[in-house]
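Reading through the structure tokens given below for one structure.
The values are calculated or read from the model by the stated rules, or taken from the named source; none is laboratory data. As the structure is a computational prediction, the values presented were derived from the model and not from experiment. Here the Cβ positions follow ideal geometry from the backbone for every residue, glycine too, while neighbour counts run over all protein chains shown. Surface accessibility is based on the protein's heavy atoms, side chains included, excluding ligands, DNA and RNA. Shrake-Rupley method; radii C 1.70, N 1.55, O 1.52, S 1.80 Å.
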Amino acid sequence: MKKVLSICAVALMLCMTTIPAFAAEPELTAQACYPTTVTRTEDGSEIRKMYDLGPTDDPAGIPRSNFDQDGFHYTLVDLLKQELPDNESRQHTETVSVPSKSKDMASVLALLPETKEFITEDGLAGILTLKLDSVKVEVAGYGSSTKALTAKRTYPSLATQDTSGIPKSVEDNGHELTLQGIDWQTDPAGYFTATATYTGSTTSSYVKGYTVTADYTGTVSRIALNKTRYVAIFEGEAIEPIAPEPPSPNDQQNTPAQFSWAAIMLPIGIVALAGVGIGAGIFFKRRNEADDGGDEV
């Protein structure tokens, strides 16, 4: 019996060790490449990724998989190969913006150097020159300030200190002021002099500052350094989310229960293999017993 169990155990171990043989071997992948420039159309229908690869770089590392971005699903439609020239150059115009406290042109030009070094997004560099006819000065914003106003009026020869005859408001330099207080004085003849104080306020606006914009133009260039450019073109399609409809109670009742074939077949396979091992053990045992009985006769 021990011999039969050992044979079954060996059979089960052989079955278990053969299962990993079906696993896929890991594939070797090229080193990932990263784009030097990425451009996207305004409507999102196309994205272009540029890769400048050297002689030792493998273009197989350029990503080609579909991806989702900003509500679009992008699919690779073309991969272009361009041999870069030894020297690449083009005309370039760059608009700059600087703040200014004054709109005086002499003060504005002091903020703008005649030449400016610049590097484009795709790596071209050069010295750009200021275009004087492109300089513009615009108001950056307005502020407000409030100022207190005061005025006095004198009303002499009053028989009594009656305030009913004193105006409750006066106009001063186009601003209306209200009565704030009265100072009474008596002259030698027994009459009263009223000195009325009127107050008010005025609000005025002022310019907080200015924004100066100007264009710089010139030639930008770069040396290719024996590189090859690959342009991956992806077309985008707007993603329209579809809200799933909730299943009705009838659908839930009529939906058959799902089961996994793998969960059923795996135990059956193990039992079958165990049966083969046990059968083989019994067969060898009976054969040995038959052989022993033949010797005794």
For segment 185-203 the number of residues that are in contact with a strand residue (DSSP E or B) (Cβ under 9 Å, 6 or more places away or on another chain), more than 11 Å from L149 (Cβ to Cβ) and open to solvent by less than 60 Å² (accessible area, probe 1.4 Å) is 7
Over segment 197-220, the set of residues of a type in the set (A, V, I, L, M) and at pLDDT 95 or above is V212, A214
Inside segment 54-65, the number of residues satisfying the requirement of being without any contact (Cβ under 8 Å) to a residue 40 or more places away in the chain and either out of contact with any Lys or Arg (no Cβ under 9 Å at 6 or more places or on another chain) or closer than 16 Å to A125 by Cα (or both) is 5
The residue that is modelled with the lowest pLDDT, considering only those in segment 151-177 that are within 13 Å of G200 (Cβ to Cβ) and open to solvent by less than 80 Å² (accessible area, probe 1.4 Å), is G174
Among D68, D122, D78, the single one that is in a loop (DSSP other than H, G, I, E, B), within 19 Å of T39 (Cβ to Cβ) and within 27 Å of the chain's Cα centre (by Cα) is D122
_Among the residues of segment 69-90, are any among the acidic types (D, E), open to solvent by 80 Å² or more (accessible area, probe 1.4 Å), more than 14 Å from T213 (Cα to Cα) and touching a residue at least 40 places away in the same chain (Cβ under 8 Å)?_
yes
Counting only residues that are surrounded by 12 or more Cβ atoms within 10 Å (Cβ to Cβ) and either among the polar types (S, T, N, Q) or at pLDDT below 90 (or both), segment 24-66 contains a total of 7
D133 vs (1) at pLDDT 90 or above; (2) more than 26 Å from the chain's Cα centre (by Cα); (3) surrounded by 12 or more Cβ atoms within 10 Å (Cβ to Cβ): all pass except (3)
